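The structure appears right after this line, and notes come after that.
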Amino acid sequence: MRGDLLRDDTGQTLPIYIWLTAILLFVALAFFAFAQAASARNGAQSAADASALAAAQDARDELMDGLGLSIGEGDTWLDWLAGDQYIGAGAQGAAEALAADNDATVTVSPAEVNGYPGFRAEIETIYTVGDSIIPGTESKRAKADATAIIKPRCGVTPSSDPEKSVEFKCAGGEFFEIDPDDFELDDLPDGSVLFSVQLAE
């Protein structure tokens, strides 16, 4: 009689064990699928951030080149310090190089945030999320976007004369001086002194 009860208990326990094992396996696979998707999204966002920054940094380089060429050509050279005198011809190419390094494609467009010019990068990964228990992930690509802006860091002191020696005061308390009549490109500070490039909030 006792042996029959043990066999009955074993017979009832085995299906429960199989059922619980199947549930745990499903949960593990579902968690893995969500982890795959999260990893793809994070990769896309990193690519978007890097691409937007690359586009804005290329525009900053263009600003520095234009500023250097315009000094001594009248008083309009100070307009370059506003940070919006660039054309942005190299922004797409700079962003594409960073996107390719992150296995993604990118489309770049001009943007403005709180009055500051910049670029918006829209990313799509070349790789897919991958096979999982969730249908369609094997062909789904991650997308993300980011915007980087260019912020001027320096202003002209009130006593400056743009046709004479001009003194600049920059964020962080830095000062430098430019004399348009006695100017060489080496007199310009690094671009990061004049303009900051950062992701928009």
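Every number in this text was worked out from the coordinates using simple rules, so none of it is lab data. Not measured: the values here are computed from a predicted model. Every residue, glycine as well, gets a Cβ built from its backbone with ideal geometry; the counts of neighbours run over all protein chains shown.
Okay, here's what the table says:
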{"read-out": "Label-point separation in nm, D186 to T157, each point 7 Å along Cα→Cβ", "value": "2.4 nm"}
{"read-out": "Packing rank of 189-199, 170-180, 95-105, where each peptide gets the mean count of other beta carbons within 10 Å, highest leading", "value": "95-105, 189-199, 170-180"}
{"read-out": "Label-to-label distance, nm, for residues given as D101 and F175 (7 Å Cα→Cβ offset)", "value": "3.8 nm"}
{"read-out": "Burial order of peptide ranges 116-128, 41-53 (average beta-carbon count within 10 Å, highest first)", "value": "41-53, 116-128"}
{"read-out": "Hz values of 3J(HN,Hα) by residue in segment 47-64 - Karplus curve (6.51, -1.76, 1.60), Gly and Pro given as x", "value": "5, 5, 4, 5, 5, 5, 5, 5, 4, 5, 5, 5, 5, 5, 4, 5, 4, 5"}
